[in-house]
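Notes follow once the structure below has been shown.
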């Protein structure tokens, strides 16, 4: 190890001693330089009187510096405030010099202490700035630092650059910005390049990563930037959201992977306050499936609108515990006056539901409890029907009996012309609410239909990220498959607002934006991870996209509307669908037949009923239920088991 490297590993007391010795040298040099500048000769160095005065000056000045905390500062994190401290200390040292003049027999001109002070600020302050810059631009702990570009030369970019100066992993070699007025300027010693020149900069500077410093940019703006970076196959990370930085939740140097929301480029819309609070503020609100991805976000959004009570109804003990603990922490931290009740229970038990609603006098209910994974419901048909159709029916009937004012069903785009059992069950659930809405006198029923949400359990995005981390391949069912995507917070906000507009039996459809091709999304994630797609055109690529074929019941594309009858609402991203339904007198016998077939585990009869129901069910596969296909037991024996 080199001598200058060894200095970095000395103990802090030893480093302070070295700093004191260096300052003693600076004081001595400034002392005699001051005489030389004033008298134009160095004969004073032969004066014993001046040497006698120098010793107490050195001791006094070092004492003053130590009292001001100059020796407690760490050079690597030194700021320009240190120059101010040095200046204050030097000012006291100058006054001490003036005092010592009276004890020196030699003639000391009055301007010498002033010149001395100027030299001392230059030597003591300048040397510290030079050392700080030297340490910041070298890495004694690793063999090299990764060269990075900061995209965005605004205040956040500058702050990030300053923070990374003391980082042992990254070295900022360039800024990139679209602002032409910054082109060819230098910020903190780093040159700013035009965004059009980024490819040249990457090659010239051997850049391994791009850091986006655009925390306040809209998603559409960030999408435009990311679109230009995709083809570079270089890793891209970003600083946290500006609100997280300002609130102290995140630090500016806590770099994150690019959020999938930025790739979609869909800007959220500010909620309409009147719609947001109409069914919540001051009311008793209940959420079924409160521990799920949509249910838990609904609970978070509802909590901030200050209901009088919030009931969390969940069948999973762990999920209920997790969301209850999270919400309780929010209540305590923000001092909210909201009572939270964690309630275990299944939506397939109508008596439990009714007792809960009556006991707490529930006014608004959001029904998010459902089995939603297409293959899982295909493999467990009876349980899917029990939970999605009859669970919804029992919850709705309990709500009517308990006098609940508003009932909002969370539905799915897979309910439109369903090709799988899950979609068929959700459309049947919609029909049940539409029928009950016609006979209900106290409860307003409505349903909100939307597509996939980012970050939900089973979402493709976490799967892709895990597969990239493992080196691939990324599995996509079909090269042409497309899906609609929306963030969970936006979906929850729109669900709440749609529920406030319901008059009875309404089917609300959320504007999901443009559909996304899953294969293209996989390619973007690979490229923005700094990797290349491996295919026939690039056999030396890093990660392959493997097509596995459509899963049972899966469609290439999803739809949100059954017909073309769509109407606008007072919210620009919420529409109403005017769709056909069955009156309760016709739907009830159908549900009774389905209930009987499920009780007997008669899968062929279940399939036949779903095909005859007016839901447009056109299955792409045969019966996939695992128990039915196993032939483990004869139907007559299984039918004796109570469901």
Give segment 97-131 a look and list any residue that's part of a helix (DSSP H, G or I), at pLDDT 80 or above and over 16 Å from residue 26 (Cα atoms), or say none.
-> 98, 99
May I ask you to say which residue of 617, 601 is more than 42 Å from the chain's Cα centre (by Cα), surrounded by 17 or more Cβ atoms within 10 Å (Cβ to Cβ) and modelled with pLDDT of 90 or more?
-> 601
Would you mind finding the one in 141, 175, 162 that is at pLDDT below 85, over 30 Å from residue 34 (Cα atoms) and assigned by TED's automatic domain parsing to the domain that holds residue 228?
-> 162
Answer from 526, 496 - the residue that is in a helix (DSSP H, G or I) and within 30 Å of residue 276 (Cα to Cα) | 496
If residue 426 passes every condition in (1) touching a residue at least 24 places away in the same chain (Cβ under 8 Å); (2) assigned to a loop (DSSP other than H, G, I, E, B) but one, which one does it miss?
-> (2)
Can you find a residue in segment 520-538 that is touching a residue at least 24 places away in the same chain (Cβ under 8 Å), in contact with a helix residue (DSSP H, G or I) (Cβ under 6 Å, 6 or more places away or on another chain), closer than 26 Å to residue 280 by Cα and buried (at least 18 other Cβ atoms within 10 Å of the Cβ)?
-> no
Any idea which residue in segment 437-446 is nearest to the chain's Cα centre (by Cα), counting only those that are surrounded by fewer than 23 Cβ atoms within 10 Å (Cβ to Cβ) and either at pLDDT 95 or above or outside any helix (DSSP H, G or I) (or both)?
-> 444
Name every residue in segment 441-478 that is in contact with a strand residue (DSSP E or B) (Cβ under 9 Å, 6 or more places away or on another chain) and within 19 Å of residue 409 (Cα to Cα), in order of residue number.
-> 443, 444, 445, 446, 447, 448, 449, 450, 451, 452, 453
Taking segment 463-488, which residues are part of a helix (DSSP H, G or I), over 14 Å from residue 547 (Cα atoms) and touching a helix residue (DSSP H, G or I) at 6+ places or on another chain (Cβ under 6 Å)?
-> 488
Only one of 283, 306, 325 that is more than 30 Å from residue 630 (Cβ to Cβ), surrounded by 15 or more Cβ atoms within 10 Å (Cβ to Cβ) and modelled with pLDDT of 95 or more = 283
Based on what the data block shows, is residue 294 at pLDDT below 95, under 23 Å from residue 409 (Cβ atoms), part of a helix (DSSP H, G or I) and under 18 Å from the mean Cα position of the chain (by Cα)?
-> yes
Could you list, in sequence order, all residues of segment 259-280 that are surrounded by fewer than 21 Cβ atoms within 10 Å (Cβ to Cβ) and either within 26 Å of residue 169 (Cα to Cα) or modelled with pLDDT of 80 or more (or both)?
-> 259, 271, 272, 273, 274, 275, 276, 277, 278
Single match in 370, 437 (criterion: more than 15 Å from residue 450 (Cβ to Cβ) and either in contact with a strand residue (DSSP E or B) (Cβ under 9 Å, 6 or more places away or on another chain) or without any contact (Cβ under 8 Å) to a residue 60 or more places away in the chain (or both)) = 437
Which listed residue, of 473, 489, is surrounded by fewer than 19 Cβ atoms within 10 Å (Cβ to Cβ), touching a residue at least 24 places away in the same chain (Cβ under 8 Å), within 25 Å of residue 517 (Cβ to Cβ) and within 17 Å of the chain's Cα centre (by Cα) | 489
The residue from 336, 344 that alone is surrounded by fewer than 23 Cβ atoms within 10 Å (Cβ to Cβ), without any contact (Cβ under 8 Å) to a residue 60 or more places away in the chain, in contact with a strand residue (DSSP E or B) (Cβ under 9 Å, 6 or more places away or on another chain) and farther than 30 Å from residue 619 by Cα is 344
Among 495, 460, the single one that is within 24 Å of the chain's Cα centre (by Cα), buried (at least 18 other Cβ atoms within 10 Å of the Cβ) and under 17 Å from residue 269 (Cα atoms) is 495
For residues that are more than 14 Å from residue 290 (Cα to Cα) and more than 26 Å from the chain's Cα centre (by Cα), tally how many sit in segment 319-347.
-> 3
Looking only at segment 562-595, which residues are assigned to a loop (DSSP other than H, G, I, E, B), surrounded by fewer than 13 Cβ atoms within 10 Å (Cβ to Cβ) and at pLDDT below 80?
-> 563, 564, 565
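The values are calculated or read from the model by the stated rules, or taken from the named source; none is laboratory data. This one's a predicted model, so the numbers in the text were calculated from it and none came from an experiment. Every residue, glycine among them, receives a Cβ derived from its backbone with ideal geometry; neighbour counts consider all protein chains shown.
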